[in-house]
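Notes for the one structure printed next.
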Amino acid sequence: MQEHYLVTQGNNLIEARQKKPLTTREQKIILTMVSLIEPTDEDFKDYVISVKEFHEMLGLEGREHYTQLKKIVEDLMSKVVEIPSDNGGWIMTHWVSRAEYVDGSGRIQLRFAPELKPYLLQLKTAFTSYKLSNILSLKSSYSIRLYELMKKWQHLGEWTCSVKNLREKLGVEKDKYPRYGNFNARVLKTAIAELNKKTDLSIEMKEIKKGRSVEKISFSIKYSPEKEIQVPHLEKKSESVKEPSTIDNLREKMNELAEGYQFDTAFFAQLHQGASLIWQDDAEQELEFLIRYVNEEKSVKNPLGFIKSKITSAWEIHEAGGRITFADLQPVKERWAGREEKLPDWFTSKDEPAEPSESNPELDKEKEKLLKKLAEKKKRTTKDASTS
């Protein structure tokens, strides 16, 4: 497997609940299969993993025992995933619909269940991508699931989830670690420590209590590409030249537009994901608006950080029901000392009350005279009414 292979899944699949959780080995098989999907694939095909690579990837010891591999694949084909649908319901399906090993070929062929097509093929919006190398070295199935969830929310830098929902998303069975203390020690802390050591993420968690019980967990998420572990070299996916994906083409276009900075693959994938969730089909146009602004606004010292922060701000407004566009951004052509940048109101407003304007003495005097006249008139009217 080449080190740059990407695992790309629809966000609903990331949020899925595993009725019969995948083991660590099974997760690695599934995610390796996902990384073999080409961006241009319109249908599933047989995804091929050599038995030798299969054996090494799963950490099996000794010689390549085909009976052992057959049992692993057999168990995998029995596993079911429950995917939330946009209409509030759910879809339940197996992961793998077909597996084949041809004696003497040294390869295993696997095919995804057709019900997974909307979550793995031709993804344009609401998806998450990461390098396969980040999960192959992980030892815990909970670590792999937590990594995927953290990757989904990486563009915001934080995520909060109830303990109950988190257990389901991580695949912790109901009768396992029922006490929060055990769940925290055996699952959360262990998984976070492994992610911080072996992946491109740095994670911290904070407990949110209701009374004395921990009700929710708040995660802070930082991208640390320097920590990324490289995947072991496996066989090439194809001898043919790989066609660039839609996102690769868009990234190249945005890099041509950007002045003095460039977007790398992982950063742009997360950026595009956030923009697509907010603006959907207009995501490309909004990114262009923002990049053109950064090119002209000379006070911006860290273009990549600025762009990420503004998309994060836009997401918060979008989540609150607001409608925004980067077309409102206008660079400052002339500025004075201390002026940083000129932004539309929706970028800076915190819904605070406006400060009262400074008092005008002449206007106050006129106002006082008018109030006295009105009071005298009211007094006379009241007196006349009482004597009539």
Taking a label point 7 Å from the Cα of Lys206 along Cα-to-Cβ, the residues of segment 137-167 whose backbone nitrogen sits under 11 Å from it are 159
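If you rank Ile37, Ile217 by how much accessible surface each has, with a 1.4 Å probe, what is the order from largest down?
Numbers: Ile37 20, Ile217 0 Å².
Final ranking, largest accessible area leading: Ile37, Ile217.
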Just how much of Ser202 is accessible, in Å², when a 1.4 Å probe is used and the result is rounded to the nearest 10?
-> 40 Å²
So how much slack lies between Asn249 and Met77, counting 0.36 nm per residue of separation and subtracting their Cα-Cα distance, in nm?
-> 58.3 nm
Provide the FRET efficiency to the nearest 0.05 for the Gln262-Arg179 pair, computing r from the beta carbons and using R0 = 56 Å.
-> 0.70
Using a Förster distance of 45 angstrom, determine the FRET efficiency expected from the C-beta separation of Leu304 and Ala113, and round it to 0.05.
-> 0.70
How would Asp75, Asp43 line up by accessible area, probe 1.4 Å, largest first?
-> Asp43, Asp75
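Using a 1.4 angstrom probe on the protein heavy atoms only, could you order Arg292, Arg323, Arg167 from most to least accessible area? Don't skip to the end; give the middle numbers.
Details: Arg292 120, Arg323 230, Arg167 35 Å².
So, going from the largest accessible area down, we get Arg323, Arg292, Arg167.
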When all protein chains stay in place, what accessible area (Å², nearest 10, 1.4 Å probe) is found for Lys169?
-> 30 Å²
Over 23 Å between alpha carbons, listed pairs Lys197/Lys222; Lys71/Lys131; Lys20/Lys131 = Lys71/Lys131; Lys20/Lys131
Can you give the accessible area of His94 in Å² (nearest 10), computed on protein heavy atoms with a 1.4 Å probe?
-> 80 Å²
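The values are calculated or read from the model by the stated rules, or taken from the named source; none is laboratory data. Computed from a prediction, not measured in an experiment: that's the story for all the values here. Cβ: placed from backbone, ideal geometry, glycine included. Neighbour counts: every protein chain shown. When the accessible area is computed, the model is the full protein with side chains, heavy atoms only, and any ligands, DNA or RNA have been set aside. Shrake-Rupley method; radii C 1.70, N 1.55, O 1.52, S 1.80 Å.
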